[in-house]
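Shown next, in structure tokens, is the structure this report addresses.
The values are calculated or read from the model by the stated rules, or taken from the named source; none is laboratory data. Values in this document were obtained by computation on a predicted structure and should not be read as measured data. No Cβ is skipped: glycine too gets one built from the backbone with ideal geometry, and neighbour counts run over all protein chains shown.
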Protein chains: 4
Amino acid sequence: MEIPDTMQAVIKAEAAPGFALSERPVPEIGPNDVLVKVRAASICGTDLHIYNWDKWAASQMQPPVTMGHEVCGTVVARGTNVESPDIGDFVSLESHVICNTCRFCRTGNGHICENTQLIGVHRDGGFAEYISIPAQNAWVNPDDMPLNVAVLQENFGNAVHTAFAVDLRAKKVLVTGCGPVGLMTIAVAKATGARAVYATDVSDYRVDFARRMGADAAINAMKQDVMSEVMAATDGEGVDALLEMSGAPAAIRQGFEVLKPGGEVALLGVVGKPFEIDWDKYLTFKAATVHGISGRRLWQTWYQGRGLLNS
Amino acid sequence: MEIPDTMQAVIKAEAAPGFALSERPVPEIGPNDVLVKVRAASICGTDLHIYNWDKWAASQMQPPVTMGHEVCGTVVARGTNVESPDIGDFVSLESHVICNTCRFCRTGNGHICENTQLIGVHRDGGFAEYISIPAQNAWVNPDDMPLNVAVLQENFGNAVHTAFAVDLRAKKVLVTGCGPVGLMTIAVAKATGARAVYATDVSDYRVDFARRMGADAAINAMKQDVMSEVMAATDGEGVDALLEMSGAPAAIRQGFEVLKPGGEVALLGVVGKPFEIDWDKYLTFKAATVHGISGRRLWQTWYQGRGLLNS
Amino acid sequence: MEIPDTMQAVIKAEAAPGFALSERPVPEIGPNDVLVKVRAASICGTDLHIYNWDKWAASQMQPPVTMGHEVCGTVVARGTNVESPDIGDFVSLESHVICNTCRFCRTGNGHICENTQLIGVHRDGGFAEYISIPAQNAWVNPDDMPLNVAVLQENFGNAVHTAFAVDLRAKKVLVTGCGPVGLMTIAVAKATGARAVYATDVSDYRVDFARRMGADAAINAMKQDVMSEVMAATDGEGVDALLEMSGAPAAIRQGFEVLKPGGEVALLGVVGKPFEIDWDKYLTFKAATVHGISGRRLWQTWYQGRGLLNS
Amino acid sequence: MEIPDTMQAVIKAEAAPGFALSERPVPEIGPNDVLVKVRAASICGTDLHIYNWDKWAASQMQPPVTMGHEVCGTVVARGTNVESPDIGDFVSLESHVICNTCRFCRTGNGHICENTQLIGVHRDGGFAEYISIPAQNAWVNPDDMPLNVAVLQENFGNAVHTAFAVDLRAKKVLVTGCGPVGLMTIAVAKATGARAVYATDVSDYRVDFARRMGADAAINAMKQDVMSEVMAATDGEGVDALLEMSGAPAAIRQGFEVLKPGGEVALLGVVGKPFEIDWDKYLTFKAATVHGISGRRLWQTWYQGRGLLNS
């Protein structure tokens, strides 16, 4: 395949709000990298933070940077050391580029690598015709996987990582927050043997969607009393597990309120700022176990996700 | 309800092969017991050992004993200390009567209580019109649960305890041995998110049944090569988990042969005598984790089983 | 031994501040109880709350109640069902009386029994000559155990439960809060293979005591900068585990601040009211695992504590 | 430092018993490798198998190969990609060279990498003046670590990996087999809070050594009855954990015989051939959990070992 010298790319051009469409050189690849011709990319909440150039974005980025971290495409070139994937393989990209050498990487905890670079933030991303990325970040898909599934695999990985942090088998589970990742988490919980899955959100559209994804009960927290609905649905016992995907303090409090003593919690939702919580009641006295979830386990979560998609 | 003084019971009358039908007094209940009017009971392999009065049976029993340990029925009387279940409740019975006071019972490990009594073996069982049993051994069912489900809950508990000993989510699983418990284990593995479940047996009838229970591949080990079939089905990788329900040395060896390095195993099948195994290859070098499974966790497994039945 | 009809007891006489010394009947025992002649009892922070009759105390107690929940003594009588302990045994008392029948008790989680009664709060305690208590709450000590050790076993159990909630082997550990339980936790962490134990408190006396208990570094948080001291002591890496015994929001924040990504936390300290925390930074993004600790695991913690005392 | 072109090396020269001293070129280094000037190397049982050219050795090696896999030395050159260790660092070598790309390496399970190469077996080792090895296999020691400690770190890693496979805190532990790794395992178990450590061997010298390493009881299995000695030492309860380092079927049987129901086992000893075992009694009915141990976890075990050496 002929690879051009330049390409069109959506970039963060300068330290200010907005994106720009720009002509940029097709990126180089190092000996351990692959060059991927992008077939699809999706937009995520992070991209909006960058577009708006908020405080977080300003602290992370040094423009110009090509945007985009949810990407799939075809391998068109590879470095001299690369044995897999092959040229022509259809791949989804893990967006976290890790160092392989820090104490976390060396102990199977690459998801918290202390030198992590996020594509589309710390290095060039995939809202472009081509992207250069370490070969180990390219996850080979079946050739016939639909583009919209392939491009969502990162999000799906977040859902898998969250749901797999707790053993949900035969458990009653509450999912707070029904955005795309929350909805996929409902499906993962159902597929892995949860006894019942309840969901909350503040949007009727999402509450409906949660029901279609298999939630046994879906509650609009603006219109219904979460506490009494969940306690009624669970014969007054509360839930065994809470998967917190909303980042909303009210939802966090409601979730812990209906959590059984000794229950387990996985936290993926981002709140954005400190907030007040009854630490004694919700964590200590409740004998709760709480797991903060960061990204995907590299590459265990990808293997688990593939396993679920195949089942 | 009028409770008579005597009842018909199938008993082990003397230390010799055979059973007898006999008139016996309706059993007394102590302050922590309930009296259950039996509605259904099923026969299990253990009962055949006792019928034949083999070495194991002779070492365990002191006739006369009323037979039967898979039992469900209705509570008709209860001791002065009993608060639950209620008179009239439809219950299945946990067959292991535990002491509540030994070091195992006191640390949540009642399933390995060192003073366990098995009903129908060490104390009177349920092949009779009535059985007296500690209230804590009576598990309340919904009134509309079919009798054949209620009476199988003990077996189902074995399947749940075995399948829950390993995290099967997104895993490739081999079940060796497709008797009633093995078949239920296939269903449990599928319901709790296994990526694929393979099954082996030596009977075409059972292999067929395994397929109907959801096995992705079911192999007759007398007619097909288990090793090559499983390796083909798993792209040469082998399985992540082995659930051994057969007690057959050949099946055990085949199962470990196709187990991935680092894989997990749960053992429920009873071999009956020592046999030769390549310990280095199958356990040590393979970095396998092996869980011996004994009975059901009291009463965690029952809660889990109820959770699954409801999901 | 002659047991009198009445005894002296320190009681909460009425719903108001203060305690009273009163003559009360020696308590009755039920069939599963023992009567213990008290040899020593210690005062705990909870007793001060009750003395002051604060909001918590008022919500929990219905005077008159005999005070005291840290107690040891000699068994002088036992109910008809009791097989252990024996008359004459020297016992420490577990202060939580549990129901044995709720869903938590039935699954090995008696420490979060939903019907827990605390002696000296919900039922008569041990600031008296005699106390009646379920036999299962009496933990038999060696006859030659010093009284001050025997009476501290409950506190020691809290230290053990907290330290055993996290695998501290070869880990760098921070203990925030060096009251009696915190100090014992330092000793437990050292005895179970922690690589290094750091401790913080706001009292010079306690900081000194922490050093004598084996802390590799002990920091007065009022005089030194916890963050820079701990980071210096850990070559800039932070600690693998945090054992939070202080209940002080500042200490909680400092502890999470120096916790490594992927670190583990056990919470025993009671804050007393809601407070503000950077949930994203300390829990979610840090991929922390946090264990709320409630009481002692019944009776696993007691066995573990005995194991440590013997080692 | 001047690096010569050739060096002296102890090699397996041909497919027959024996070793040879030979002049060989100083090895090349690739971009991710370091060249280490050997300061000390030790001989291990594996080397004897190779010397004797037994069946296992013949199946693994293609002479000529430089021998030696327990090695420490000084880094004297490094490839272009290497950032750590530095020239002049004193390093111990992990003997397993792993691929970093297989499904095991990619999920934090490099110790069971399917492309593992063992130095001194599958590639040139360290019974030579220089060895070339991937930078990630060089573990930096403090400059003042004694040579005999540095060279034993691999063995120490086996002891750590075995002892850390089971939570030994407050437990009664039996170590079967008191060779160098077994003896270090006793020390690790004591240092990580085991309540008591018992040891068996068939050599008086080793039994004595076990006692000096801290074993609470050390038993010569040729002269004493292991079963009765261990049961007496444990008040008839047996041990909570078995660490099997002997590879002797008799020791394995004795170890399982005295293991408590529900106990845990870690297996490092290599038997060498299949043997007969009472699978039902020792694994299934005993509800044992058995962990096969292979090598060291890369590099978690090295971090843990460093932690212990520092504590």
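Spot the failing condition for D:Gly126; the list is (1) in contact (Cβ under 8 Å) with a residue 60 or more places away in the chain; (2) part of a helix (DSSP H, G or I), and only one is missed.
(2)
Output the number of residues of the range A:186-205 satisfying the condition of being outside any loop (DSSP other than H, G, I, E, B) and either in contact (Cβ under 8 Å) with a residue 40 or more places away in the chain or over 18 Å from the mean Cα position of the chain (by Cα) (or both).
Our first condition is that a residue be outside any loop (DSSP other than H, G, I, E, B); within the range A:186-205, this holds for A:186-191, A:196-201, A:204-205.
Next cut, either in contact (Cβ under 8 Å) with a residue 40 or more places away in the chain or over 18 Å from the mean Cα position of the chain (by Cα) (or both) only: A:188-191, A:196-201, A:204-205.
Total meeting the criteria: 12.
Listed residues A:Val149, A:Val76, A:Val91; which is β-branched (Val, Ile, Thr), at pLDDT below 95 and out of contact with any Asp or Glu (no Cβ under 6 Å at 6 or more places or on another chain)?
Numbers: A:Val76 fails: at pLDDT below 95; A:Val91 fails: at pLDDT below 95.
Within the list A:Val149, A:Val76, A:Val91, the selection yields A:Val149.
Go through the range B:31-46 residue by residue and tally those that are outside any loop (DSSP other than H, G, I, E, B) and either away from chain C (no Cβ under 14 Å) or under 8 Å from B:Val71 (Cβ atoms) (or both). Break it down into steps so the answer makes sense when it comes.
Step one: filter the range B:31-46 for residues outside any loop (DSSP other than H, G, I, E, B), giving B:33-42, B:45-46.
Restricting the remaining residues to those that are either away from chain C (no Cβ under 14 Å) or under 8 Å from B:Val71 (Cβ atoms) (or both) gives B:35-42, B:45-46.
Final tally of qualifying residues: 10.
Going residue by residue through the range B:241-260, is there one that turns out to be within 14 Å of chain A (Cβ to nearest Cβ) and in contact (Cβ under 8 Å) with a residue 40 or more places away in the chain?
So in the range B:241-260, the residues within 14 Å of chain A (Cβ to nearest Cβ) come out as B:241, B:260.
Still in the list and also in contact (Cβ under 8 Å) with a residue 40 or more places away in the chain: B:241.
For the range B:241-260, residues within 14 Å of chain A (Cβ to nearest Cβ) and in contact (Cβ under 8 Å) with a residue 40 or more places away in the chain: present.
Go through (1) within 14 Å of chain D (Cβ to nearest Cβ); (2) at pLDDT 95 or above; (3) crowded, with 24+ Cβ neighbours inside 10 Å one by one and return the number of the condition C:Arg296 breaks.
Of the numbered conditions (1) within 14 Å of chain D (Cβ to nearest Cβ); (2) at pLDDT 95 or above; (3) crowded, with 24+ Cβ neighbours inside 10 Å, the odd one out for C:Arg296 is (2).
Looking at A:Ala232, A:Ala199, A:Ala221 in this structure, which one is of a type in the set (A, V, I, L, M, F, W, C) and either surrounded by fewer than 19 Cβ atoms within 10 Å (Cβ to Cβ) or within 14 Å of chain B (Cβ to nearest Cβ) (or both)? First the steps, then the outcome.
Numbers: A:Ala199 fails: either surrounded by fewer than 19 Cβ atoms within 10 Å (Cβ to Cβ) or within 14 Å of chain B (Cβ to nearest Cβ) (or both); A:Ala221 fails: either surrounded by fewer than 19 Cβ atoms within 10 Å (Cβ to Cβ) or within 14 Å of chain B (Cβ to nearest Cβ) (or both).
That would be A:Ala232, the only listed residue that is of a type in the set (A, V, I, L, M, F, W, C) and either surrounded by fewer than 19 Cβ atoms within 10 Å (Cβ to Cβ) or within 14 Å of chain B (Cβ to nearest Cβ) (or both).
Only one residue in B:Thr66, B:Thr80 is surrounded by fewer than 19 Cβ atoms within 10 Å (Cβ to Cβ) and over 16 Å from the mean Cα position of the chain (by Cα). Which one?
Details: B:Thr66 fails: surrounded by fewer than 19 Cβ atoms within 10 Å (Cβ to Cβ).
From the options B:Thr66, B:Thr80, the qualifying one is B:Thr80.
Within the range D:57-67, identify whether any single residue is modelled with pLDDT under 90, over 27 Å from A:Trp299 (Cβ atoms) and in contact with a His (Cβ under 6 Å, 6 or more places away or on another chain), and answer yes or no.
Pass one, the range D:57-67, residues modelled with pLDDT under 90: D:57.
Applying the additional criterion that residues be over 27 Å from A:Trp299 (Cβ atoms) yields D:57.
Still in the running and in contact with a His (Cβ under 6 Å, 6 or more places away or on another chain): D:57.
Checked the range D:57-67: at least one residue is modelled with pLDDT under 90, over 27 Å from A:Trp299 (Cβ atoms) and in contact with a His (Cβ under 6 Å, 6 or more places away or on another chain).
Would it be correct to say that C:Val75 is buried (at least 17 other Cβ atoms within 10 Å of the Cβ), assigned to a loop (DSSP other than H, G, I, E, B) and over 15 Å from the mean Cα position of the chain (by Cα)? Write out each step before concluding.
Details: buried (at least 17 other Cβ atoms within 10 Å of the Cβ): yes; assigned to a loop (DSSP other than H, G, I, E, B): no; over 15 Å from the mean Cα position of the chain (by Cα): yes.
No; evaluated as a whole, the condition is false for this residue.
If B:Leu183 satisfies every condition in (1) more than 14 Å from chain A (Cβ to nearest Cβ); (2) part of a loop (DSSP other than H, G, I, E, B); (3) closer than 27 Å to D:Lys281 by Cα; (4) of a type outside the set (S, T, N, Q) but one, which is the exception?
Exception for B:Leu183: condition (2).
Can you name the condition, by its number, that C:Ser132 falls short on among (1) crowded, with 24+ Cβ neighbours inside 10 Å; (2) at pLDDT 95 or above?
Only one criterion in (1) crowded, with 24+ Cβ neighbours inside 10 Å; (2) at pLDDT 95 or above is unmet by C:Ser132, namely (1).
Against the condition of a type in the set (Val, Ile, Thr) and in a loop (DSSP other than H, G, I, E, B), how does C:Ile11 come out, does it pass? Full working, then the answer.
Numbers: of a type in the set (Val, Ile, Thr): yes; in a loop (DSSP other than H, G, I, E, B): no.
No, not satisfied.
With respect to B:Ala170, is the statement that it is away from chain C (no Cβ under 14 Å), surrounded by 20 or more Cβ atoms within 10 Å (Cβ to Cβ) and in a helix (DSSP H, G or I) true? If you could, list the steps in order and put the result at the bottom.
On the way: away from chain C (no Cβ under 14 Å): yes; surrounded by 20 or more Cβ atoms within 10 Å (Cβ to Cβ): yes; in a helix (DSSP H, G or I): no.
No: the conditions fail for B:Ala170.
Return yes when D:Ala210 is within 14 Å of chain C (Cβ to nearest Cβ) and under 20 Å from the mean Cα position of the chain (by Cα) and no when it is not.
Against the criterion (within 14 Å of chain C (Cβ to nearest Cβ) and under 20 Å from the mean Cα position of the chain (by Cα)), D:Ala210 does not qualify.
Among all residue pairs at least 6 apart or on different chains, which show Cβ distances below 9 Å where the first residue, located in the range C:6-22, is on the phi > 0 side of the Ramachandran plot and the second is hydrophobic (A, V, I, L, M, F, W, C) and at pLDDT below 95?
C:Gly18/C:Trp53
State whether one or more residues within the range D:159-166 are within 12 Å of chain C (Cβ to nearest Cβ) and over 15 Å from the mean Cα position of the chain (by Cα).
yes
With the requirement that a residue be facing chain A (nearest Cβ under 7 Å) and farther than 28 Å from C:His111 by Cα, what does the range C:261-293 give you?
Scanning the range C:261-293 gives C:Pro261, C:Glu276, C:Asp278, C:Asp280, C:Phe285, C:Lys286.
Looking at B:Gln304, is it surrounded by fewer than 23 Cβ atoms within 10 Å (Cβ to Cβ) and either at pLDDT 85 or above or over 17 Å from B:Leu93 (Cβ atoms) (or both)?
So B:Gln304 fails the test.
Got a sec? Which of C:Phe127, C:Phe156 is away from chain A (no Cβ under 14 Å), closer than 29 Å to C:Val175 by Cβ and of a type outside the set (Ser, Thr, Tyr)?
Working: C:Phe127 fails: closer than 29 Å to C:Val175 by Cβ.
Matching residue, one of C:Phe127, C:Phe156: C:Phe156.
Filter the range D:20-30 down to the residues that are part of a loop (DSSP other than H, G, I, E, B) and modelled with pLDDT of 95 or more and list them by number. Give the derivation first.
Going through the range D:20-30, the residues part of a loop (DSSP other than H, G, I, E, B) turn out to be D:26-30.
Correct list: D:Val26, D:Pro27, D:Glu28, D:Ile29.
Which members of the range C:90-114 meet the condition of being part of a loop (DSSP other than H, G, I, E, B), more than 11 Å from chain B (Cβ to nearest Cβ) and over 17 Å from the mean Cα position of the chain (by Cα)?
If the condition is that a residue be part of a loop (DSSP other than H, G, I, E, B), more than 11 Å from chain B (Cβ to nearest Cβ) and over 17 Å from the mean Cα position of the chain (by Cα), then C:Glu114 is the only one that fits.
Among the numbered criteria (1) within 23 Å of the chain's Cα centre (by Cα); (2) under 15 Å from C:Asp278 (Cα atoms); (3) not hydroxyl-bearing (Ser, Thr, Tyr), which single criterion is violated by A:Ala251?
(2)
Does D:Glu154 count as surrounded by fewer than 24 Cβ atoms within 10 Å (Cβ to Cβ), touching a residue at least 24 places away in the same chain (Cβ under 8 Å) and under 30 Å from D:Gly30 (Cα atoms)? Outline the logic, then answer.
Numbers: surrounded by fewer than 24 Cβ atoms within 10 Å (Cβ to Cβ): no; touching a residue at least 24 places away in the same chain (Cβ under 8 Å): yes; under 30 Å from D:Gly30 (Cα atoms): yes.
Spelling it out, it is not the case that D:Glu154 is surrounded by fewer than 24 Cβ atoms within 10 Å (Cβ to Cβ), touching a residue at least 24 places away in the same chain (Cβ under 8 Å) and under 30 Å from D:Gly30 (Cα atoms).
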